[in-house]
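The values are calculated or read from the model by the stated rules, or taken from the named source; none is laboratory data. Computed from a predicted structure; not experimentally measured. Quick reminder, even Gly has a Cβ in these numbers, built from the backbone with ideal geometry, and neighbours come from all protein chains shown. For the accessible areas, the whole protein counts, side chains as well, though only heavy atoms, and no ligand, DNA or RNA atoms are used. Shrake-Rupley method; radii C 1.70, N 1.55, O 1.52, S 1.80 Å.
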Amino acid sequence: MSQKKIAVLGSTGSIGTQTLDIIAEYPHLFRADVLTARRNVALLAEQALRFQPRKVIIADRSRFGELSALLDGSGVKVEAGAEAIAEAAADNEPDIVVTAMVGFSGMAPTIAALKAGKRVALANKETLVVGGSIIDAMLKGKLPEGENAAPGAHIVPVDSEHSAIFQCLVGEDRKRMRKIILTASGGPFRKFSREQLEKVKAADALKHPNWDMGAKVTIDSASMMNKGLEMMEACWLFGCTPQDIEIAVHPQSIVHSMVEYVDGSVKAQLGMPDMRLPIAYALSYPDRLPTERNPLTLPSYASLTFEAPDMERFPMLRLAFEAMAEGGTAPCILNAANEIANDAFLHDRIGFMDMPRITSKALAEIPATANPSIDALFETDAEVRSICRQWIEEHKF
Ligand code: MG
């Protein structure tokens, strides 16, 4: 394998820093070409000095001066703004674009990278949750000329569950897949009653996740919205419907997901809960990279357990199934409402069970439209965010 140039979009977040761990572990195979961050100037500058990328981009334009000053004389080019990030994703230089930014901001650079024929190591759930119909049409060449993915463009999922499913499908005919069993840790509140859930705070959710994740994903994981988003993402990645996906709560997070075939055989992918494994696979696929890091020690686990999720206590999961079945802009509405509610919960402005209240109200009161264009998705996203912010402001939900 020749050395691949990697653009890490969102390099200061949890997936981004772990992607840089992999680049550092295999310097003969990978080189950081572009690093981008939303606003963490200090860490982005530190990463730039260590990895010497061709270019760094800060999304928040107001921090351009500060970043430029920190990298003065380093030889690293400094740019700012969301457009510069999308341009960098489509640039000739990088071989692989890792989309590790949080939220809907991952959509534009993913589209740009696919149009430029890149491998996208997709770590941004919202891109497929919101824009799955468009990305799917792009990859199948069904959009008007000039808007489709270029030859060679493809997505390799980074999320541990989707990486597991992807790995279970290698060498298989997808038509022989009967269902996907998507595993979920169940989050820190798995055993809490509804009354207890009304009282939990963000700090309780952020205490002890199985996985090293950012705050947004950790809270989504506690509410099980994360699993809802992953179910939607899996539908687009693997060409199936919500009915083809079963959720299994598996608190040990060792079985990362499974695929059942028409003959009743079930394949699973196992490993320690360490995101560096699926990240390395997304960069090296179809090859596998030897490592000594974090081997699975099954005897240290007394048991591996699986149970059905409780959609009464975790209504976010039910809302995700409903929105995906409805289609059109419904997943976009769900996602935007959740992003606002998640952020409000993180800052202790609303309660835990208010997140599904707000999301449910958004789905009920904001009409969804079928077959949205990219522009319609961006409009819906902005509209839903502003409506939900107002509901939170006025405490009407
Ligand atoms: Mg996951």
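Can you list the strands (runs of 3 or more DSSP E) found entirely within the stretch 69-158 that contain at least 2 residues being open to solvent by 10 Å² or more (accessible area, probe 1.4 Å)? Filter on the stretch 69-158 gives 77-80, 154-157. Within the option set GLU161, GLU126, being modelled with pLDDT under 95, closer than 23 Å to ALA325 by Cα and within 16 Å of the ligand (Cβ to nearest atom) holds for one residue only, GLU126.
Each residue in the stretch 184-194 was checked for being among the polar types (S, T, N, Q) and either closer than 20 Å to ALA344 by Cβ or within 12 Å of the ligand (Cβ to nearest atom) (or both), and 1 pass.
Residues ASP263, ASP287: which one is more than 13 Å from the ligand (Cβ to nearest atom), open to solvent by 30 Å² or more (accessible area, probe 1.4 Å) and closer than 22 Å to ILE22 by Cα?
Working: ASP263 fails: closer than 22 Å to ILE22 by Cα.
On inspection, the qualifying residue turns out to be ASP287.
Within the stretch 45-68, the residues that satisfy the criterion of being surrounded by fewer than 18 Cβ atoms within 10 Å (Cβ to Cβ) and outside any helix (DSSP H, G or I) are GLN52, ASP60.
Mind checking which residues of the stretch 195-239 are on the phi > 0 side of the Ramachandran plot and either charged (D, E, K, R) or more than 12 Å from the ligand (Cβ to nearest atom) (or both)?
Once the filter is applied, which keeps residues that are on the phi > 0 side of the Ramachandran plot and either charged (D, E, K, R) or more than 12 Å from the ligand (Cβ to nearest atom) (or both), the stretch 195-239 yields only GLY239.
When each of PRO295, PRO372, PRO331 is tested for being in contact with a Cys (Cβ under 8 Å, 6 or more places away or on another chain) and of a type outside the set (Val, Ile, Thr), the lone residue that passes is PRO372. In the stretch 230-241, the residues that are in contact (Cβ under 8 Å) with a residue 60 or more places away in the chain and within 18 Å of LEU319 (Cα to Cα) form Cβ pairs under 6 Å with partners that are open to solvent by 10 Å² or more (accessible area, probe 1.4 Å) and more than 15 Å from the ligand (Cβ to nearest atom), at six or more places apart or across chains, as follows: MET232/MET324; TRP236/ASP136.
One residue stands out among those in the stretch 355-397 that are among the polar types (S, T, N, Q) and within 16 Å of LEU319 (Cβ to Cβ): the one that is surrounded by the most Cβ atoms within 10 Å (Cβ to Cβ), which is THR359.
Regarding ALA42, is this residue surrounded by 19 or more Cβ atoms within 10 Å (Cβ to Cβ), of a type in the set (Gly, Ala, Ser), in a helix (DSSP H, G or I) and at pLDDT 95 or above?
Working: surrounded by 19 or more Cβ atoms within 10 Å (Cβ to Cβ): no; of a type in the set (Gly, Ala, Ser): yes; in a helix (DSSP H, G or I): yes; at pLDDT 95 or above: yes.
Spelling it out, it is not the case that ALA42 is surrounded by 19 or more Cβ atoms within 10 Å (Cβ to Cβ), of a type in the set (Gly, Ala, Ser), in a helix (DSSP H, G or I) and at pLDDT 95 or above.
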